[in-house]
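**Q** After the structure tokens below, expect a handful of questions from me.
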Amino acid sequence: MDDSQQIRTASRAVGRMADDARRARRAAASADHVHWQGASAQRYRQRLSERARELGHCADELDELKDRLDAHARAVERHEHTAKEALLRAPVLPGVLSVRDVLGVP
């Protein structure tokens, strides 16, 4: 697996984490509809609301990280392509192992 593929694999994993955080946020937000009454119930609902906000923030941060990883993977691919093109333009010297030989390019 090359560098950009590894970065994209990490990006997909981060995307799944963001999805998990959103699911947890929805679960926390929906749990405040419990029919429990009293001071403890109020504190419980307040904590759930705080956790839901925190989980939403985490999901947003993870989405941003995923976007940055995707952008980084694209940049790595561009740099790899540019480097390969430059190497392929390098002169071939008789009797010397060339970049083309190493890359398997005729």
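Every read-out reported here was derived from the displayed coordinates using simple, explicitly stated rules and does not represent laboratory data. Note that the structure is a prediction, hence the values are computed from the model and not measured. Please note: Cβ atoms are built from the backbone with ideal geometry, for glycine as well, and neighbour counts cover all protein chains shown.
**Q** Give me the net charge of Gln5's neighbourhood, meaning all other residues with Cβ under 13 Å from the Cβ of Gln5; Lys, Arg count +1, Asp, Glu -1.
**A** For residues surrounding Gln5, the net value is -2.
**Q** Starting from the Cα gyration tensor of the range 3-103, take the square roots of the eigenvalues, sort them a ≥ b ≥ c, and report rounded, prolate or oblate (rounded when a/c is under 1.5, otherwise prolate if a/b is larger than b/c, else oblate).
**A** prolate
**Q** Next question, about the same structure. Going by how many other beta carbons lie within 10 Å of each one, how would you line up Arg89, Arg8, fewest first?
**A** Sorted ascending by nearby Cβ count, the order is Arg89, Arg8.
**Q** Evaluate the relative contact order of the range 3-103 (contact order divided by residue number), counting alpha-carbon pairs under 8 angstrom at least 6 apart; express in whole percent.
**A** 40
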